[in-house]
1. Obtain the nm distance between the two label points defined at Glu129 and Asp44 by a simple spin-label model: each point lies 7 Å from its Cα along the Cα-to-C-beta direction.
2. Grab the beta carbon distance between Leu89 and Ser37, set R0 = 30 Å, and tell me the FRET efficiency rounded to 0.05.
3. Can you tell me the dipole magnitude for the chain around its Cα centre, using point charges on the Cβ only (Lys, Arg +1; Asp, Glu -1), in Debye to the nearest 20?
4. Hey, if you put +1 on the Cβ of every Lys and Arg and -1 on every Asp and Glu Cβ in the chain, which of Gly26, Ser36, Val58 ends up farthest toward the positive end of that dipole?
5. Quantify, in whole percent, the carbon and sulfur part of the accessible surface of region 2-141 (1.4 Å probe; protein heavy atoms only).
Amino acid sequence: MKIGIASDHGGFELKEILIEYLKETGKSITDFGCFSSKSVDYPDYARKLCTEIVSGTVSKGILICGTGIGMSIAANRYKGIRATLANDLFSAIMSRRHNDSNVLVLGGRIIGKDLAIEILNKWLKEPFEGGRHVRRLNKIDDPRGSE
Ligand code: RB5
């Protein structure tokens with residue numbers, strides 16, 4: 001599984017930490033920037049990652065900004081992207097089980113390194129439950145779907 005990662009300046013430091021961790025654990029990771037703590041615009045980096053997921057170049061992604069809010073809003077504009085802000089373990093687990101999250105969003109100015117790594121590990125391992133959740137996810141892509 002190929003994992004992509006991107007951040008703005010607010011998430012840069014945490015992005016570097018997670019990249020190092022993922023490499024140490026033998027994961028294949030593509031870094032879509034940013035590449036320093038110089039101020040940038042988060043929608044540009046959400047786009048870089050999300051277009052690669054939509055085209056299938058990478059299968060899952062991680063986005064990080066200061067709070068995770070801007071990246072979540074931007075990423076969820078791309079059809080097929082299910083970006084879930086999870087600055088706690090329960091949200092990370094449920095975002096996989098019920099929402100089949102394909103982009104984990106983190107707030108670099110909210111959580112510390114150890115919690116971020118634990119959240120990432122849970123999110124990478126947790127399977128989607130399927131069943132009734134498939135119907136619900138389909139309704140997001142086709143909001144005219146029946147009640
Ligand atoms: C950048 O200062 C900050 O606004 C951004 O990282 C993010 O938190 C936006 O939601």
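1. About 4.1 nm separates the two model spin labels.
2. FRET efficiency, Leu89 to Ser37: 0.65.
3. Here the chain has a charge dipole of around 460 debye.
4. Among Gly26, Ser36, Val58, the one farthest towards the positive end of the dipole of the chain is Val58.
5. Values: 3520 of 6900 Å².
C and S atoms contribute 51 percent here.
The values are calculated or read from the model by the stated rules, or taken from the named source; none is laboratory data. This is a predicted model, so every value here is computed, not measured. Ideal geometry is used to build each Cβ from the backbone, glycine not excepted, and the neighbour counts take in all protein chains shown. Note: accessible area is taken over every heavy atom of the protein model, side chains too, but ligands, DNA and RNA are not part of it. Shrake-Rupley method; radii C 1.70, N 1.55, O 1.52, S 1.80 Å.
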